[in-house]
1. Keeping every protein chain present and rolling a 1.4 Å probe, give me the accessible area per residue for region 732-805 in Å².
2. Starting from the Cα gyration tensor of region 495-566, take the square roots of the eigenvalues, sort them a ≥ b ≥ c, and report rounded, prolate or oblate (rounded when a/c is under 1.5, otherwise prolate if a/b is larger than b/c, else oblate).
3. Given a 1.4 angstrom probe, what's the average accessible area per residue across region 95-214, in square angstrom?
4. Round to the nearest 0.05 the FRET efficiency obtained for N393 and R780 when R0 = 35 Å and r is the Cβ-Cβ distance.
5. Does region 499-657 come out rounded, prolate or oblate, given a ≥ b ≥ c as the square roots of the eigenvalues of its C-alpha gyration tensor, rounded meaning a/c under 1.5 and, failing that, prolate meaning a/b above b/c?
6. So if we plug the beta-carbon distance of A580 and E764 into 1/(1 + (r/R0)^6) with R0 = 25 Å, what FRET efficiency do we get, rounded to 0.05?
7. Under unit Cβ charges (Lys, Arg +1; Asp, Glu -1), what dipole magnitude, rounded to 20 debye, does region 134-228 have relative to its Cα centre?
8. Please list, ordered by chain and number, the residues whose modelled amide H lies under 5 Å from the amide H of F783; skip anything fewer than 5 residues away on the same chain.
Amino acid sequence: MTQIAQALTRIFDRHRIVFWYDVKRELRAEFDALALPGIEKIVLGNNQFGVKYRILREAPERKFLLYHAGPPPENLDNWLLDVELAHGSFRADQIALWASELGLGPEFTPVIGPHAEFFQAGRRREALRALLRGDDSPRQVRLKMLAVCASAEPRLDDILENLLAELAAARDDRIKLVGRCALDGFLWDELGRAYGYASATPSVRDFAIALFKSCYAMGLSEPADLNTESLVFLRRWKDSVRHHAAFETLSAQCAGILGIEQDLLKRDYRVLADLDLFELIDRKILSELARDVAAKTLPANACETLIRGRRGSHWYAGVQHEYEAIGAAAQFLQALAVVDLTLHSLVQGIERYTGSWYRLDQLYRQVISHARRSGQPTLLAPVVDQVESLYTNNFVLAVNDRWQAAVDASEHWDAPPVLRQSEFYEKRVRPFLRRGNKVCVVVSDALRYEIGEELLGLIRQEDRYEATLEPALTGLPSYTQLGMAALLPHDALSLSGDATGTALVDDASSAGTENRRKILDATLPGRATAIRAEDLLALGKEESRAMIRDHEVVYVYHNRIDATGDKRATEDQVFEAVDATLAELVRIVKKLANANANNLLVTSDHGFLYQQRELDESDFASQEPIGAEITARNRRFVLGRGLVQTASFKRFTAADTGLAGDIEMLIPKSINRLRVQGAGSRYVHGGTALQEVIIPVLQINKKRQSDIANVEVEILRSGTSVISTGQLVVAFYQVEPVTDKVQPRTLRAGLYTRAGGLISDQHELVFDLAAEAPRERERRVQFVLTQQAAAANGQEVILRLEERVPDTGYYREYATARYVLRRSFTSDFDL
């Protein structure tokens with residue numbers, strides 16, 4: 001079938017009668033040769049009345065092709081004008097053929113003619129035809145042609161995003177095609193209409209520069225060349241999953257062109273809190289935030305507010321550890337400034353440490369951990385150095401000097417009613433067995449109290465998990481051999497008198513998982529077992545369930561912190577090991593619970609002391625230990641017989657600490673270390689320091705019903721419900737503070753017409769405030785109306801909060817508020 005026949009066939013799909021005007025009188029032969037089944041051909045001459053009678057009276061159902069040689073007659077001379085207007089017409093020149101192929105009428109000839117290059121390619125014509133609709137205007141057709149060139153959806157924002165992506169990739173195929181198709185002028189006009197863009201030398205790069213420049217100015221409440229619609233576009237583009245990389249590339253390029261670094265030098269970082277156009281903004285904020293926190297000129301709550309706001313920044317993921325380190329440092333400095341380290345007894349010291357003092361250890365760990373993970377030592381040096389010095393001298397040393405006085409005044413190593421580690425099995429494990437319940441015990445080496453407290457929060461955040469935490473006091477020395485032995489069932493504990501310092505349970509060695517399994521089996525023959533954590537995690541579902549089914553007591557041994565810290569080569573990675581331990585312990589707890597273990601205990605053999613900075617000479621004991629026989633020597637204790645107490649050491653006998661046998665021990669006072677050849681000195685344990693001897697005991701149960709909820713959020717209405725400007729500020733209220741069981745909620749917010757059309761920018765809002773004071777849980781958000789809002793003027797519009805359906809891309813309505821959009825024409829002017 002010829003191209004003419006194809007074009008006519010498409011027209012006859014919509015019309016019964018088609019007029020063919022052969023303007024140049026050159027296609028009569030083609031007309032004569034044309035054979036279209038079911039269509040009658042008639043040549044128009046001086047036969048209009050007869051033809052009219054034939055097509056309207058004689059054969060009103062038949063299809064007709066009416067051929068006229070020459071251009072259409074004037075309307076007054078056209079006796080078939082009424083028929084032509086009611087049906088279709090056909091021209092056989094190239095532009096007419098293209099129009100016919102696309103199903104466009106003669107009124108679209110001015111749209112097609114100037115853009116002939118576009119229509120030369122059948123692939124482009126086919127792509128355009130798929131986009132066209134019967135009610136398209138000439139502007140809409142051009143927009144769809146532009147979309148085809150840009151490989152985009154027929155929306156200006158999508159077209160622009162694709163062109164910007166091409167620019168970011170240092171390519172120009174699409175924009176060159178736009179130019180060859182003579183659509184570039186239309187593109188610049190559209191950008192002017194939508195965003196107020198005007199330039200003597202328009203280009204995609206020129207627009208990108210104008211976009212970043214204007215949105216930066218608007219963010220600072222300064223005059224801008226583009227309108228607020230450009231800000232809406234940039235926010236959507238920046239948050240796009242598909243185009244965020246292009247945004248980042250062009251942001252960096254435009255920052256250099258616009259001299260943003262130089263401009264930021266004169267800005268107060270606090271006025272930048274809501275801006276995230278450039279990565280340099282976060283660098284500016286971080287640099288000055290670190291300086292102010294170190295100088296103690298910024299309160300911790302103000303620091304936390306600023307950091308919480310930055311969590312929504314486009315660049316936050318790349319600088320999260322920097323912000324977290326500074327935030328933890330601010331909290332540390334504030335907590336240390338108000339802490340009272342007074343204590344008069346072992347019991348009081350333990351109560352105060354587990355009540356609040358532990359938090360200083362926790363915050364110090366978080367500062368160092370995040371600082372190391374950030375890879376930015378120079379940036380964070382002011383706060384890290386400040387925290388390091390104060391932690392070591394004003395907290396760890398100060399509190400343990402006071403604690404040492406209480407230790408020196410005590411005749412026995414005991415602090416009732418605090419649980420002794422050696423009582424763990426009798427007082428925490430055996431009660432389950434008496435009630436006929438099974439119990440699993442997870443022992444994580446060096447899980448000191450502050451880490452256990454953090455684990456408590458992580459466990460409670462899990463759905464259907466409940467947990468409680470209490471402290472226990474380790475035995476002395478606070479090292480792995482004795483700590484592991486003390487947690488097992490026993491009548492007597494003792495230490496071997498040789499250099500190994502092996503702990504004995506009723507005279508049997510407790511070293512290693514296999515020996516501990518034997519001790520458990522001796523107490524509960526065939527009903528108790530021990531397993532390493534890595535072996536447990538490797539078990540299949542049925543294997544783990546069989547283990548729980550076949551035993552009443554299961555001990556799981558986990559070792560990452562101590563395995564890392566006890567080696568000189570890796571001791572500086574101990575806080576990274578803590579982060580890994582927390583994640584692994586949550587996995588272990590869930591693994592056991594899924595294997596039908598309903599009662600779980602998590603505890604430790606000992607804690608530890610750690611400081612990131614290399615030790616000073618004053619951190620080591622000033623005297624060497626003295627004794628008739630020294631059998632074992634560690635960085636924090638000495639074992640032997642006939643040992644001598646001096647100003648540098650506290651002496652304990654076995655009986656003083658509840659051990660059997662005649663072994664004695666010397667422990668350096670406060671946090672002092674002993675020098676040991678080849679051993680590290682920053683990570684130590686074995687002594688009497690609070691951080692070494694107070695360990696967590698978590699009791700965990702899994703419930704049958706869900707106990708997790710998300711915070712509720714309300715829209716606070718002001719006195720008016722009328723929107724009279726191009727912006728709307730709305731206050732949102734988080735009804736309750738975030739807790740372990742009441743978790744954050746993330747919502748998407750925007751203004752919509754009643755028909756569902758978005759007429760503002762969208763915001764993703766995270767409600768995660770833990771403040772008790774209601775006013776501190778309010779959040780104000782500014783919405784910028786788009787040009788689409790003009791069509792809704794005088795109508796009701798809806799502020800809609802939506803929540804993502806888990807594991808999908810769909811959203812469901814959470815809450816709404818209704819407003820009336822009533823904007824005066826004067827609101828369109830920038831005064």
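1. 47 Å²
2. On the way: a/c = 4.11, a/b = 1.38, b/c = 2.97.
Oblate, because a/c is 1.5 or more while a/b does not exceed b/c.
3. Roughly 43 Å² per residue, with all protein chains present.
4. 0.25
5. oblate
6. 0.25
7. Here the size comes out at about 220 debye.
8. L728, V729, V730
The values are calculated or read from the model by the stated rules, or taken from the named source; none is laboratory data. Quick caveat: nothing in here was measured; it's all calculated off a predicted structure. Because the Cβ atoms are built from the backbone with ideal geometry, glycine has one as well, and the counts that use them run over all protein chains shown. Keep in mind that these areas ignore ligands, DNA and RNA; they rest on the heavy atoms of the full protein, side chains included. Shrake-Rupley method; radii C 1.70, N 1.55, O 1.52, S 1.80 Å.
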